[in-house]
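Throughout, read-outs are computed from the coordinates displayed, never taken from laboratory work. Only a predicted model underlies this, so the values are computations on that prediction, with no experimental measurement involved. Here the Cβ is made from the backbone with ideal geometry for all residues, glycine too, and neighbour counts use every protein chain on show.
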Amino acid sequence: MADAVAGRDRCGEQRLVSLPLSRIRVIMKSSPEVSSINQEALVLTAKATELFVQYLATYSYRHGNGKERKALTYSDLSNTAEESETFQFLAGAKVYHDLAQEDIFSFVRVCL
């Protein structure tokens, strides 16, 4: 898991994206409008998602209490969504942080 988060494949080679493409594909296919997904669209969506999560984490860390504690918490991310105009579209979003919290925070740690 740590190798996948760090952007390395099982052979130790550098990967273009860190997020698992199979999960991104499943999320994209959950939309009824999507019938097929080409590889380029999948990789670009994964990379854009990584950049967004990195920006959200960095912003939340710098503008929240993370700097004081040297840690980023779920409440820092939630407060950013509520208070920042840029991330206002995330406010009130139902997040299943119990299921993926460990995956998300390990990815965010790499980004910071």
Mean Cβ count within 10 Å, highest first, over the residues of peptides 23-36, 77-90, 50-63 = 50-63, 77-90, 23-36
query = Once phi is turned into ³J(HN,Hα) by the Karplus curve 6.51 cos²θ - 1.76 cosθ + 1.60 with θ = phi - 60°, what whole-Hz value does each residue of the stretch 17-32 show in order, with x for glycine and proline?
reply = 10, 9, 6, x, 5, 5, 5, 4, 4, 4, 5, 5, 6, 5, 7, x
key: Karplus 3J(HN,Hα) series, Hz, for the stretch 35-41 with 6.51 cos²θ - 1.76 cosθ + 1.60 (x for Gly, Pro)   = 9, 9, 10, 7, 4, 5, 5
